[in-house]
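The values are calculated or read from the model by the stated rules, or taken from the named source; none is laboratory data. In this text the structure is predicted, and so the values were computed from the model without any measurement. Here the Cβ positions follow ideal geometry from the backbone for every residue, glycine too, while neighbour counts run over all protein chains shown.
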Ligand SMILES: NC(=O)c1ccc[n+]([C@@H]2O[C@H](COP(=O)([O-])OP(=O)(O)OC[C@H]3O[C@@H](n4cnc5c(N)ncnc54)[C@H](O)[C@@H]3O)[C@@H](O)[C@H]2O)c1
């Protein structure tokens, strides 16, 4: 598994993209700490993770610092990689169809993204597969930023 022995703190982990990241990272062996402003959502996703036999905690409070290129530079000497994803319009697979069915997003594929498509890029960035990727923001937006 790609995240064995790792601990992932997932901010906004109680819904949509954060939920998809929590579930995918747990399936790859990470222990998950879910931070969400809505404690009930965090607890619900923690239960989902635990129901799958994985380890999760919901975190009630905590300061969250935006991950930036500057942070990547500052933390590189400590061998800590900092990267980000910039999502385009994305819902859960069911939610996306409901929320966006009457909208044709201005991107190259003509549909909204799925939360799971954000989560798979987050997994890439969190795993050793991206060992040489430092301080980058990846647009996961169906190409909307190139139009
Ligand atoms: N889904 C999209 O189409 C889309 C597009 C572009 C950017 N984004 C960004 O991606 C992120 C996740 O999007 P989403 O669609 O999963 O959002 P969402 O609104 O479905 O879920 C966000 C979760 O984060 C929690 N939250 C909000 N503020 C918080 C805080 N200060 N601390 C901790 N938890 C907090 C909410 O309670 C909620 O459970 C957001 O930052 C959003 O702006 C999303």
Cβ-Cβ distance below 7 Å, separation of 6 or more or different chains: which pairs start in segment 113-124 with a residue that is without any contact (Cβ under 8 Å) to a residue 24 or more places away in the chain and farther than 10 Å from residue 91 by Cβ and end on one that is within 11 Å of the ligand (Cβ to nearest atom) and assigned to a helix (DSSP H, G or I)? none
Which of the residues that make up segment 14-51 are at positive phi and without any contact (Cβ under 8 Å) to a residue 40 or more places away in the chain? 29
Kindly list the number of the only condition in (1) in contact with a strand residue (DSSP E or B) (Cβ under 8 Å, 6 or more places away or on another chain); (2) modelled with pLDDT of 90 or more; (3) more than 15 Å from residue 127 (Cβ to Cβ); (4) more than 9 Å from the ligand (Cβ to nearest atom) that fails for residue 54. (2)
Give 34, 17 a once-over and let me know the one that is surrounded by 16 or more Cβ atoms within 10 Å (Cβ to Cβ) and assigned to a helix (DSSP H, G or I). 17
Here the qualifying pairs (Cβ atoms under 6 Å; residues six or more apart or on different chains; first in segment 89-111 and in the same structural domain as residue 142 (by TED's automatic domain parsing) and near the ligand (Cβ under 8 Å from one of its atoms); second at pLDDT 75 or above and not in a loop (DSSP other than H, G, I, E, B)) come out as 90/113; 90/115; 90/118
I need a count of the residues in segment 112-132 that are buried (at least 16 other Cβ atoms within 10 Å of the Cβ) and not in a helix (DSSP H, G or I). 4
